[in-house]
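Participant: Structure below; questions to follow.
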Amino acid sequence: MNIVAAPDISAPSIEYSVIYPVLIVFGAAFIGVLIEAFAPRKSRYLAQLVVTLVGLLAAFGGTIFVARGLDESSSGAATARGEVAAEGALAIDGPTVFIWGLVLILAFISMLLFAERRLEGGLTAFAGQAASIPGTEAEREDVGKRVEQTEIFPLALFAIGGMMVFPASNDLITMFIALEVLSLPLYVLCGMARRRRLLSQEAAMKYFLLGAFASAFFLYGIALTYGYAGSLTMGGIADAVDNRAGGHNLLLAGIGLLAVGMLFKVSAAPFHAWTPDVYQGAPSAVTGFMAACTKVAAFGALLRIFFVAFGDAQWDWRPMIWIIAGLTMVVGSLVAIAQTDIKRMLAYSSVAHAGFLLVGVAGAVGVTADYTGITSIEGVLFYLATYGFPTIGAFAIVTLVRDAGGEATHLSRWAGLGKESPLLACMFAFFLLAFAGIPLTSGFMGKWAVFGAAWAGDAWVLVVIGVLMSAVAAFFYVRVIVLMFFQEPTGEGPTVAVPSYLTSVVLAVTVAVTIVLGIVPGPVLELAQNAGAFVR
């Protein structure tokens with residue numbers, strides 16, 4: 001009788017010391033689920049808010065400790081700091097922890113907007129029961145009983161956890177799972193507005209259907225890339241590209257399909273069609289959360305794919321990024337001029353900013369601009385920081401301009417806002433000037449960073465287009481400022497709601513950061529530079 005020796009099976013090595021910030025966020029999400037299941041309804045709101053904010057603060061503190069403990073990597077670029085963890089599934093390096101910290105800060109202030117209750121008479125802006133059909137007796141009963149949906153907090157935490165895993169993914173399967181983990185809660189949150197429920201549900205359905213198509217493209221791209229490289233890890237794909245393995249057409253098809261999935265998440269043209277409808281229909285707190293945090297995570301993942309896995313194939317994908325970047329800037333800037341809804345205008349503004357960020361991506365891998373001292377990776381990371389805070393601040397102000405039906409988003413209702421609430425109008429004008437890239441605002445420094453990196457990578461054509469489209473964008477931003485301060489309302493003037501301290505804190509923080517990053521950008525820019533390069 002032959003005895004077959006048992007295979008040598010070793011336990012997987014999980015480096016908890018570098019991935020625990022992600023586990024804290026997911027742990028807080030699971031606690032939120034338990035609160036939703038077992039806690040009395042009256043105490044859920046406070047319990048969920050405390051768990052969410054404490055979890056995000058603990059994860060941010062953990063991220064700082066992880067960042068300080070990163071060691072020089074023996075793989076990848078010489079300047080890379082970090083390590084590959086969780087059996088090769090996650091890469092914890094400088095860009096990863098920078099994105100983690102930025103996502104957690106932006107998510108924290110976004111959760112304060114989620115928790116705002118004064119604007120709806122003591123209830124949050126989310127529907128009492130997501131399953132209630134708009135206009136039915138069930139919905140009216142929910143309002144009468146003052147039922148509110150507190151599961152928005154664990155849903156948001158699951159999305160945040162996905163946003164942290166997404167840019168840290170070191171293999172394509174982990175990246176796809178993270179993409180779905182961050183997307184699915186957002187689909188639900190978009191359809192949970194207390195006001196204008198049908199528009200909100202329409203937005204959620206459009207986002208879900210188009211997101212499913214984009215995920216299918218991404219998954220097909222994974223299959224083709226695996227067929228080319230025989231590996232799903234970033235390092236394995238990079239080695240195959242470096243060794244010029246056979247089947248170059250298979251590589252190009254894989255790059256193209258993966259790019260579709262990534263460009264959809266960053267709202268790049270022509271994959272931006274979902275953006276204005278979803279931004280308009282979703283609750284404004286969710287819109288600000290998506291516009292800031294999702295874009296940060298998505299660009300982090302896009303950088304990892306193109307600069308790590310396909311870094312040696314840059315001459316294959318850079319022409320595509322050039323075209324997409326130029327098209328995105330033009331579409332976002334020009335179409336925004338025709339918008340009459342403030343949220344749709346901000347949506348096309350977000351599309352334009354995706355184009356500006358892609359200008360930075362188009363810069364050569366590893367090339368440093370002499371007059372900025374930063375690379376493409378560092379420029380994009382810094383731009384994400386300068387963009388996220390004014391975005392959340394702008395949507396926070398949108399929640400305060402109201403009429404009998406809730407938020408007054410038509411531009412005509414914003415006429416005369418400067419007389420009704422000078423402080424609020426000045427803050428919104430300041431955010432718009434930051435979006436336009438006016439000096440002494442964070443937006444100017446962000447564009448300076450990405451345009452400088454792109455110029456160093458010989459993408460001067462895109463820089464010229466970017467400057468021209470920035471001038472076009474400044475037109476519709478200034479148009480709104482003129483509307484607020486120099487035009488009289490044609491009918492009933494705007495009504496400004498008095499927020500609680502939660503929204504007030506959000507506005508104070510976002511204004512302060514936008515000012516500081518415009519005047520003293522050095523510390524954050526240095527953090528982006530110290531992030532270094534990706535490991536693999």
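The values are calculated or read from the model by the stated rules, or taken from the named source; none is laboratory data. Since the structure is predicted, the reported quantities are computational estimates derived from the model, not experimental observations. So basically every Cβ, Gly included, is an ideal-geometry build from the backbone, and we count neighbours across all protein chains shown.
Participant: Taking GLY256 and the conditions (1) without any contact (Cβ under 8 Å) to a residue 24 or more places away in the chain; (2) surrounded by fewer than 19 Cβ atoms within 10 Å (Cβ to Cβ), which numbered condition does it fall short on, given that it satisfies the others?
Facilitator: (1) is the only condition that GLY256 fails.
Participant: Go through PHE444, PHE395 for me and flag whichever is surrounded by fewer than 22 Cβ atoms within 10 Å (Cβ to Cβ), at pLDDT 90 or above and within 15 Å of THR514 (Cα to Cα). Please lay out each step first, then the result.
Facilitator: Working: PHE395 fails: surrounded by fewer than 22 Cβ atoms within 10 Å (Cβ to Cβ).
Going through PHE444, PHE395 in turn, just one is surrounded by fewer than 22 Cβ atoms within 10 Å (Cβ to Cβ), at pLDDT 90 or above and within 15 Å of THR514 (Cα to Cα): PHE444.
Participant: If the Cβ limit is 9 Å and pairs must be 6+ apart or interchain, which residue in the stretch 111-125 that is within 18 Å of THR52 (Cβ to Cβ) and part of a loop (DSSP other than H, G, I, E, B) pairs with which residue that is modelled with pLDDT under 80 and charged (D, E, K, R)?
Facilitator: Taking only residues 6 or more apart or on different chains, the pairs are ARG117/GLU148; LEU123/ARG146; LEU123/GLU148; THR124/GLU148.
Participant: Anything in the stretch 431-441 that is in a helix (DSSP H, G or I) and under 10 Å from GLY518 (Cβ atoms)? List them, or say none.
Facilitator: LEU433, ALA434 - these are the residues of the stretch 431-441 that are in a helix (DSSP H, G or I) and under 10 Å from GLY518 (Cβ atoms).
Participant: Between residues in the stretch 504-522 that are farther than 12 Å from PHE431 by Cα and residues that are assigned to a helix (DSSP H, G or I) and among the polar types (S, T, N, Q), which pairs lie under 6 Å by C-beta distance while being six or more apart or on different chains?
Facilitator: As it stands, the answer is LEU517/THR386; LEU517/SER442, since those pairs meet every condition given.
Participant: To continue, here is another question. Any residue at all in the stretch 327-346 that is basic (Lys, Arg), in contact (Cβ under 8 Å) with a residue 60 or more places away in the chain and assigned to a helix (DSSP H, G or I)?
Facilitator: Of the residues in the stretch 327-346, the ones basic (Lys, Arg) are 343-344.
Those left that are additionally in contact (Cβ under 8 Å) with a residue 60 or more places away in the chain: 343-344.
Of the ones still in play, those that are also assigned to a helix (DSSP H, G or I) are 343-344.
Yes, there is a match, as at least one residue in the stretch 327-346 is basic (Lys, Arg), in contact (Cβ under 8 Å) with a residue 60 or more places away in the chain and assigned to a helix (DSSP H, G or I).
Participant: Just to check your reading of the model, which residue among VAL359, VAL351, VAL380, VAL401 is within 23 Å of VAL516 (Cβ to Cβ) and either free of Cβ contacts under 8 Å to residues at least 60 places away in the same chain or in contact with a helix residue (DSSP H, G or I) (Cβ under 8 Å, 6 or more places away or on another chain) (or both)? Explain how you work it out, then say what you get.
Facilitator: On the way: VAL359 fails: within 23 Å of VAL516 (Cβ to Cβ); VAL351 fails: within 23 Å of VAL516 (Cβ to Cβ); VAL401 fails: within 23 Å of VAL516 (Cβ to Cβ).
After ruling out the rest, the residue left standing is VAL380.
Participant: Ok, one more. So for the stretch 253-271 (the condition being more than 21 Å from LEU358 (Cα to Cα) and either in a helix (DSSP H, G or I) or of a type in the set (Val, Ile, Thr) (or both)), does at least one residue qualify?
Facilitator: There is no residue in the stretch 253-271 that is more than 21 Å from LEU358 (Cα to Cα) and either in a helix (DSSP H, G or I) or of a type in the set (Val, Ile, Thr) (or both).
Participant: Out of GLU87, GLU83, report the one residue that is surrounded by fewer than 23 Cβ atoms within 10 Å (Cβ to Cβ), at pLDDT below 90, charged (D, E, K, R) and in contact with a Pro (Cβ under 9 Å, 6 or more places away or on another chain). Working first, answer last.
Facilitator: Details: GLU83 fails: in contact with a Pro (Cβ under 9 Å, 6 or more places away or on another chain).
Of the residues listed, the single one that is surrounded by fewer than 23 Cβ atoms within 10 Å (Cβ to Cβ), at pLDDT below 90, charged (D, E, K, R) and in contact with a Pro (Cβ under 9 Å, 6 or more places away or on another chain) is GLU87.
Participant: Follow-up. Quick check, is GLY121 over 25 Å from the mean Cα position of the chain (by Cα), modelled with pLDDT under 95 and at negative phi? Let's see the steps before the verdict.
Facilitator: Details: over 25 Å from the mean Cα position of the chain (by Cα): yes; modelled with pLDDT under 95: yes; at negative phi: no.
No, not satisfied.
Participant: From (1) assigned to a helix (DSSP H, G or I); (2) surrounded by fewer than 20 Cβ atoms within 10 Å (Cβ to Cβ), pick out the condition that doesn't hold for SER231.
Facilitator: (1)
Participant: Next question. If you go through the stretch 408-421 one residue at a time, do you hit one that is assigned to a helix (DSSP H, G or I), modelled with pLDDT of 90 or more, of a type in the set (Lys, Arg) and at negative phi?
Facilitator: Taking every residue of the stretch 408-421 in turn, none turns out to be assigned to a helix (DSSP H, G or I), modelled with pLDDT of 90 or more, of a type in the set (Lys, Arg) and at negative phi.
Participant: Sticking with this structure for a sec: Could you tell me which of the residues LEU184, LEU179, LEU189 is surrounded by 24 or more Cβ atoms within 10 Å (Cβ to Cβ) and closer than 30 Å to ARG402 by Cα? Don't jump to the end; show me each part of the working.
Facilitator: Details: LEU184 fails: surrounded by 24 or more Cβ atoms within 10 Å (Cβ to Cβ); LEU179 fails: closer than 30 Å to ARG402 by Cα.
None of the others qualify; the one that does is LEU189.
Participant: Hey, another quick one. With assigned to a helix (DSSP H, G or I) and at pLDDT below 95 as the only criterion, which of SER10, SER74, SER17 stands out?
Facilitator: Details: SER10 fails: assigned to a helix (DSSP H, G or I); SER74 fails: assigned to a helix (DSSP H, G or I).
None of the others qualify; the one that does is SER17.
Participant: Now for a separate question. Looking at ASP370 and the list (1) at pLDDT 90 or above; (2) closer than 28 Å to ALA449 by Cβ; (3) surrounded by fewer than 19 Cβ atoms within 10 Å (Cβ to Cβ), which single condition is not satisfied?
Facilitator: (1)
Participant: Can you find, within the stretch 53-67, the residue that is surrounded by the fewest Cβ atoms within 10 Å (Cβ to Cβ) among those that are among the β-branched types (Val, Ile, Thr) and touching a Phe, Trp or Tyr at 6+ places or on another chain (Cβ under 9 Å)?
Facilitator: Kept after step one, since they are among the β-branched types (Val, Ile, Thr), are these residues of the stretch 53-67: 54, 63-64, 66.
Add one more test, that the residue is touching a Phe, Trp or Tyr at 6+ places or on another chain (Cβ under 9 Å), and what stays is 63, 66.
Numbers: THR63: 25, VAL66: 20.
Here the answer is VAL66.
Participant: Quick one: in the stretch 478-523, which of the residues that are of a type in the set (Ser, Thr, Tyr) and in a helix (DSSP H, G or I) is farthest from THR386 (Cα to Cα)? Before you say what the answer is, go through the steps one by one.
Facilitator: Start the filter on the stretch 478-523 by keeping residues that are of a type in the set (Ser, Thr, Tyr), which leaves 490, 495, 500-501, 503-504, 510, 514.
In the following step, the residues that additionally are in a helix (DSSP H, G or I) were identified as 501, 503-504, 510, 514.
Details: TYR501: 24, THR503: 20, SER504: 20, THR510: 10, THR514: 7 Å.
Only one residue fits best here, namely TYR501.
Participant: Residues of the stretch 159-203 being among the small types (Gly, Ala, Ser) and within 30 Å of ALA223 (Cβ to Cβ), which ones?
Facilitator: So the first thing to find is which residues in the stretch 159-203 are among the small types (Gly, Ala, Ser), and the list is 159, 161-162, 168-169, 178, 183, 191, 193, 200, 203.
Answer for the stretch 159-203, where residues must be among the small types (Gly, Ala, Ser) and within 30 Å of ALA223 (Cβ to Cβ): ALA159, GLY161, GLY162, ALA168, SER169, ALA178, SER183.
Participant: Among residues belonging to the stretch 272-281 that are in contact with a Leu (Cβ under 7 Å, 6 or more places away or on another chain) and buried (at least 24 other Cβ atoms within 10 Å of the Cβ), point out the one that is modelled with the highest pLDDT.
Facilitator: Step by step, filter the stretch 272-281, then rank; the result is TYR279.
Participant: For the stretch 194-214, which residues satisfy the criterion of being surrounded by 18 or more Cβ atoms within 10 Å (Cβ to Cβ) and either in contact with a Gly (Cβ under 7 Å, 6 or more places away or on another chain) or without any contact (Cβ under 8 Å) to a residue 24 or more places away in the chain (or both)?
Facilitator: Those that are surrounded by 18 or more Cβ atoms within 10 Å (Cβ to Cβ) and either in contact with a Gly (Cβ under 7 Å, 6 or more places away or on another chain) or without any contact (Cβ under 8 Å) to a residue 24 or more places away in the chain (or both): ARG196, SER200, GLN201, ALA203, ALA204, PHE208, ALA214.
Participant: Considering only the stretch 34-52, how many residues are buried (at least 17 other Cβ atoms within 10 Å of the Cβ) and within 26 Å of the chain's Cα centre (by Cα)? Quick ask: steps written out before the conclusion?
Facilitator: Filtering the stretch 34-52 for residues buried (at least 17 other Cβ atoms within 10 Å of the Cβ) gives 35-36, 44-45, 47-49, 51-52.
With within 26 Å of the chain's Cα centre (by Cα) added as a condition, the list becomes 45, 48-49, 51-52.
Of the residues in that region, 5 qualify.
Participant: Does LEU157 count as at pLDDT 90 or above and aliphatic (A, V, I, L, M)? Can you show your working first?
Facilitator: Values: at pLDDT 90 or above: yes; aliphatic (A, V, I, L, M): yes.
Yes, satisfied.
Conditions (1) polar (S, T, N, Q); (2) surrounded by fewer than 24 Cβ atoms within 10 Å (Cβ to Cβ); (3) modelled with pLDDT of 95 or more, marked per residue:
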position: ILE222; (1), (2), (3): no, yes, yes
position: GLY235; (1), (2), (3): no, yes, no
position: ALA238; (1), (2), (3): no, yes, no
position: ASP242; (1), (2), (3): no, yes, no
position: GLY247; (1), (2), (3): no, yes, no
position: VAL266; (1), (2), (3): no, no, no
position: SER284; (1), (2), (3): yes, no, no
position: GLY311; (1), (2), (3): no, yes, no
position: PRO319; (1), (2), (3): no, yes, no
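Participant: Does the stretch 448-463 contain any residue that is part of a helix (DSSP H, G or I), surrounded by fewer than 22 Cβ atoms within 10 Å (Cβ to Cβ), over 21 Å from the mean Cα position of the chain (by Cα) and without any contact (Cβ under 8 Å) to a residue 60 or more places away in the chain?
Facilitator: There is at least one residue in the stretch 448-463 that is part of a helix (DSSP H, G or I), surrounded by fewer than 22 Cβ atoms within 10 Å (Cβ to Cβ), over 21 Å from the mean Cα position of the chain (by Cα) and without any contact (Cβ under 8 Å) to a residue 60 or more places away in the chain.
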